[in-house]
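The values are calculated or read from the model by the stated rules, or taken from the named source; none is laboratory data. The structure displayed is predicted, hence computed values, not measured ones. We place every Cβ from the backbone using ideal geometry, glycine too, and count neighbours over all the protein chains shown. Protein only, heavy atoms only, side chains kept; ligands, DNA and RNA dropped before computing areas. Shrake-Rupley method; radii C 1.70, N 1.55, O 1.52, S 1.80 Å.
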Amino acid sequence: MNEFGKGLDYAGMIMDILLLKDRYPFLEVGSIGRSVEDRDIPVIRIGVGAKHIHFNGAFHANEWITTSLLIRFIHDYAQAYAHGNSVHGVDAKQLFDRISLWIVPMVNPDGVELVLSKQQEPHLQQLLEWNGGSTDFSGWKANVRGVDLNDQFPANWELERARRQVANPASRDYSGTSPLSEPEARAMEAFTRERDFSLVIAFHTQGEEIYWNYNDYEPVESESIAERFAQVSGYRAVKLTGSDAGYKDWFIQEFRRPGFTVEVGVGSNPLPYSQLGDMYGKASKIMVEALNL
Ligand SMILES: [Zn+2]
């Protein structure tokens, strides 16, 4: 265990990224775009290999613990590489030379800030209304315009919208007025198109499950990769139906490559920070497995 990734609001994440960059100058730090409230959405690259892989976290606001999970992994991987060690049993240099890993630890920074109530929210009156008048935002998944960012992608978006039956901005499940109407979703779409990712994983909470398919668009190896992830983590690989418009759905449909949603942890969201250790023990094995396929 280390101090990185501890209880991360947006400022905490930025601080950790700067400290990591300072300590491990081989990390590349950039931005994929800006949120509704004009926060930078950072991306960290580790590794120089020709094969590009992407992990993301905190698409959903009250799943902010996935940010901590990813920051901690960057720390452990970078430290292992710097010292010539292995990361969770695999030689870090071998991974670093072979793989370029791009991590977006917090896709929905405004939403995370809202859930953590860390600052004066400029749209508070409107948000309270969308939250049924409650000042308790712990159930909030959406961005600050009340749009669920993981229902925003052009992969049968209309079907998802009809299924959800949420007609207006809300804490969750509202798909927006059109696919990619939100800057955070557009940033993820553009970033993903720019890179030639062989594989992507979106980390969510909770349930200890791995979703690997989308309408039979996934390549044949997706199922066996999910089974490997399940084996190393103890999670269940689940074939999902009746769900559309998510990031991994779109990635699979668009690129016909392996894309996964991994639901880490157990309980009700937001999961307590005290779960991070156990969660990290399992999820980091999936991360290393993804790099070492
Ligand atoms: Zn989620």
With n ≥ 4 as the cut-off for DSSP H runs, can you work out [θ] at 222 nm for the chain, using -39500 (n - 2.57) per run divided by the number of residues, rounded to the nearest 500?
-11500 deg cm²/dmol
Antiparallel content of DSSP bridges confined to the chain, in %, to 5
40
Residue-ordered couplings for the stretch 49-55, obtained by feeding phi - 60° into the Karplus form 6.51 cos²θ - 1.76 cosθ + 1.60 and rounding to whole Hz (Gly and Pro as x), are x, 6, 8, 9, 10, 10, 10
The correct ranking of 130, 212 by accessible area at 1.4 Å, largest first, is 130, 212
In whole Hz and in residue order, list the ³J(HN,Hα) couplings for the stretch 269-285 that follow from phi through the Karplus curve 6.51 cos²θ - 1.76 cosθ + 1.60, θ = phi - 60°; x for Gly and Pro.
6, x, 5, x, 4, 4, 7, 4, x, 5, 4, 5, x, 7, 5, 5, 5
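What accessible area per residue comes out for the chain, rounded to a whole number of Å², with a 1.4 Å probe? List each step's numbers first, then the result.
Numbers: 11530 Å² over 293 residues.
Heavy-atom accessible area per residue stands at 39 Å².
Can you compute the FRET efficiency between residue 85 and residue 51 using 1/(1 + (r/R0)^6), with r the Cβ-Cβ distance and R0 = 22 Å? Round to the nearest 0.05. Before the final figure, lay out each step's value.
On the way: r = 22 Å, r/R0 = 0.98.
According to the calculation, E is roughly 0.55.
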Within the chain, what whole-number % of the accessible surface is contributed by carbon and sulfur, with the 1.4 Å probe and all protein chains included in the calculation?
47
On the formula 1/(1 + (r/R0)^6), with r taken between the Cβ atoms of residue 19 and residue 136 and R0 of 30 Å, the FRET efficiency rounded to 0.05 is 0.40
Under-5 Å amide H pairs with residue 43, H placed in peptide plane, nonlocal only
30, 31, 32
Rounded to the nearest 10 degrees, the helix 221-233 long axis (Cα) sits at an angle to the longest Cα principal axis of the chain of 80
Against the 2.2 N^0.38 Å scaling, with N counting residues, where does the chain land? I'd like the Cα-based Rg ratio to two decimal places.
0.94
What are the ³J(HN,Hα) values, in whole Hz, obtained from phi via the Karplus relation 6.51 cos²θ - 1.76 cosθ + 1.60 with θ = phi - 60°, for each residue of the stretch 207-213 in sequence order, with x given for Gly and Pro?
x, 6, 10, 10, 9, 10, 10
